[in-house]
Amino acid sequence: MNRMRLLTVGAAALTLAVGGGVVAGGMQDAPPQDATPAADPIAEEIRRQLNEEPAPAADPAPANPIAITPPTPSLETAALEDDIASDDEEEETTDEDEEGESEEEKAERLAPETPTPRQRRRVAIVEAIDKITAESMRFEVEVGGRPVRFNQSLIFTARACEVTAENEPVADSIAYLEVTLQPRGTVRAEPRQIFRGWMFASTPALSGLQHPIYDAWVVGCKE
């Protein structure tokens, strides 16, 4: 009897298991459905409280416009206005003074400052270089004195050497030189002048001697 009951219960359980597997398999083969948001009781409660909360009361608009009084200017603003007014008064006073001056005073006031005469020096200091042999030398040439020969070929003659005045914007040494090319040992070769003019120590690249073989420039002047 017990055996028969066990067989019956087992057959019923087997039938239910087979039926559930068929149902699950049928649900997986069905087309997908649209997703829906999951229930959130906390969010629903907060939403309900917000909907039930009344809007804050506001003051009614005034029937007549309200006059707005501008703020009192600070001490800094007042001081700035005073400074501007003082500057305007000074400009007006200066204009009146300029109008009252004579033509001679005005011309004297507007005249450019006369530079102090340059100081002449007795010796010009020159530097020369042979670009082939890289031989360079710094030597002195006396103004109005004997010419000086460099590297057996260049002959330097100094006509003037000056230094700028104290009130000139740039301190400089300026020399008027004549440079002649005459290689030594060539009796028949005529001397050929390759440079004549002012050389400025502040701009040797612009005012110096530029030759295929030689370069020369003034370095300074001395007593």
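Some points to look at:
- Residue ID - modelled with the lowest pLDDT, chosen from residues in region 177-204 that are more than 14 Å from VAL218 (Cα to Cα) and polar (S, T, N, Q): THR186
- Flag for PRO56 being assigned to a loop (DSSP other than H, G, I, E, B), at pLDDT below 75 and open to solvent by 100 Å² or more (accessible area, probe 1.4 Å): yes
- Residue match in region 185-195 (condition: open to solvent by less than 40 Å² (accessible area, probe 1.4 Å) and closer than 18 Å to ARG122 by Cα): no
- Just one of the listed residues (ILE174, ILE155) is under 17 Å from VAL218 (Cα atoms), out of contact with any Phe, Trp or Tyr (no Cβ under 8 Å at 6 or more places or on another chain), of a type in the set (A, V, I, L, M) and surrounded by 14 or more Cβ atoms within 10 Å (Cβ to Cβ), and it is ILE155.
- Enumeration of residues in region 127-139 that are open to solvent by 30 Å² or more (accessible area, probe 1.4 Å) and either touching a helix residue (DSSP H, G or I) at 6+ places or on another chain (Cβ under 9 Å) or in a strand (DSSP E or B) (or both): GLU127, ILE129, GLU135, SER136, MET137, ARG138
- Residue count for region 140-172 under the criterion of being in a loop (DSSP other than H, G, I, E, B) and of a type in the set (Asp, Glu): the result is 3.
- Residue within region 157-174 that is on the phi > 0 side of the Ramachandran plot and in contact (Cβ under 8 Å) with a residue 24 or more places away in the chain present: no
- Any hit, region 138-152, residues being at pLDDT 70 or above and in contact with an Asp or Glu (Cβ under 7 Å, 6 or more places away or on another chain): yes
The values are calculated or read from the model by the stated rules, or taken from the named source; none is laboratory data. Predicted, not measured: the structure shown is a model, and the values here were computed from it. Neighbour counts are summed over all protein chains in view; Cβ atoms, including those assigned to glycine, are modelled from backbone coordinates with ideal geometry. Ligands, DNA and RNA are stripped out before the accessible areas are found, and what is left, the full protein with its side chains, is counted by its heavy atoms. Shrake-Rupley method; radii C 1.70, N 1.55, O 1.52, S 1.80 Å.
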